[in-house]
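Engineer: Supplied in C-alpha cells, the structure appears directly below.
The values are calculated or read from the model by the stated rules, or taken from the named source; none is laboratory data. Just so you know, these numbers come straight off a predicted model, no measurement behind them. All Cβ positions, glycine included, derive from the backbone under ideal geometry; neighbour counts span all protein chains shown. Areas reflect the complete protein model, heavy atoms only, side chains present, ligands, DNA and RNA absent. Shrake-Rupley method; radii C 1.70, N 1.55, O 1.52, S 1.80 Å.
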Amino acid sequence: RLLRVLGQGAFADVYLAEHQYLERAAAIKVLHVQMDPQTQEQFRREARTIAHLQHPHIVQVLDFGLDDQTPYLVMEYMPGGTLRSHHPKGTRLPLDQIVTYVKQIASALDYAHEQHVIHRDIKPENLLLNAKHEIVLSDFGLAVVHRTLDSLSTQDPAGTPLYMAPEQIKGHPCAASDQYALGIILYEWLMGEA
C-alpha cells in the first residue's frame, strides 16, 4: 500500500509503502521507462543481480517486477534520509566524520564491483542513513536500467554530471568511475564545494 511520495527525479519516483501482510515499511521505486517484451527478461536478470547484493552498506532490494511495461524495485526503507539532507551544499564536515563515511561507502563499492555491478550515480542524494545512522548506498536502479538498455541502443551518458568521471561522460563507465565520484564527494565535504 502506497503511503506517500518520498522523492521524484528524472529517472524514477520513489514512494513510501507498507507491506500489507508483513506490516513493514518499504520504498518502492517506479522507473520512468517503458520496456518492450524484448528487454523485460534482461531487466529481470539485471534486477536479480542487484537483489542478490548482500552488504550492510547497500540498501536491500526486497522485490522487483514490471507493471505492464513499467519496471519497479521494492527496497528497504531508510528512515534517516539522504546525506544531502543532513549536509546541504556548502557544508564542510569534520575529518573524522568524513573518514567514517568514506570507509562505509568504499566498502559498499568494493563489494558491488566484486559482483560486477557499477553504480553509475554516486552522489550525496543516493547515500542514505539507516536507523543506526550508518551509510547505506542506494539507487542501483540506474545501473539496472542502463545495463539492460545499453545493448539495444546508444545511450546518453547516465549519471549526475558534477560527479561523473571523464570515461563515464564518454559513455564507458567502469568501477573507477564510481571511485571518481566518491573522490568528488570527499572533496566537497572537505572544502564545502565541489
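Engineer: Under the 0.36 nm per residue contour assumption, what length would be gained going from the current alpha-carbon distance of residue 102 and residue 133 to full extension? Walk me through the numbers on the way to the answer.
Structural biologist: Values: separation 31, 0.36 × 31 = 11.16 nm, distance 1.39 nm.
Fully extending the segment from residue 102 to residue 133 adds 9.8 nm.
Engineer: Once the dipole of region 67-143 is set up with Lys and Arg at +1 and Asp and Glu at -1 on Cβ about the Cα centre, which of 78, 102, 90 lies farthest towards its positive end?
Structural biologist: 90
Engineer: Restricting to DSSP loop positions (anything but H, G, I, E, B) with no more than 16 other Cβ atoms inside 10 Å of their own Cβ, which chymotrypsin sites (Phe, Trp or Tyr not before Pro) remain in region 12-59?
Structural biologist: In loop regions of region 12-59 (DSSP not H, G, I, E or B), the sparsely surrounded chymotrypsin sites (Phe, Trp or Tyr not before Pro) are 21.
Engineer: Once you have the alpha carbon radius of gyration of region 10-68, what is it after dividing by 2.2 N^0.38 Å, with N set to its residue count?
Structural biologist: 1.24
Engineer: Now for a separate question. Tell me, what is the 1.4 Å probe accessible area of residue 55, in Å² to the nearest 10?
Structural biologist: 30 Å²
Engineer: Hey, another quick one. Residue 110 to residue 4: FRET efficiency via 1/(1 + (r/R0)^6), r the Cβ-Cβ distance, R0 35 Å, to the nearest 0.05?
Structural biologist: 0.55
Engineer: Accessible area per residue, 1.4 Å probe, Å², for region 36-124: what's the number?
Structural biologist: The answer is 50 Å² per residue.
Engineer: For the chain, the longest stretch holding no GluC sites (Glu not before Pro) located in a DSSP loop with at most 13 other Cβ atoms within 10 Å is which?
Structural biologist: The longest uninterrupted stretch comes out as 24-192.
Engineer: Let me ask something else. Can you pull the semi-axes for region 34-136, root of five times each eigenvalue of the Cα gyration tensor, sorted largest first, whole Å?
Structural biologist: Equivalent ellipsoid of region 34-136: 29, 15, 12 Å, largest first.
Engineer: Also, quick follow-up: At a Förster distance of 30 Å, what's the computed FRET efficiency of residue 36 paired with residue 60, Cβ-Cβ distance as r, to 0.05? Don't skip to the answer; put the middle values down first.
Structural biologist: Working: r = 29 Å, r/R0 = 0.96.
Once rounded, the FRET efficiency stands at 0.55.
Engineer: Please compute, for the alpha-carbon atoms of the chain, the extent along each of the three principal axes and give them in descending order in Å.
Structural biologist: Principal extents (largest minus smallest coordinate, Cα): 48, 42, 28 Å.
Engineer: Now for a different question. Count neighbours as other Cβ atoms within 10 Å of each site's Cβ, and list the trypsin sites (Lys or Arg not before Pro) in region 1-81 that are DSSP loop with at most 13 such neighbours.
Structural biologist: Passing sites in region 1-81 are 1.
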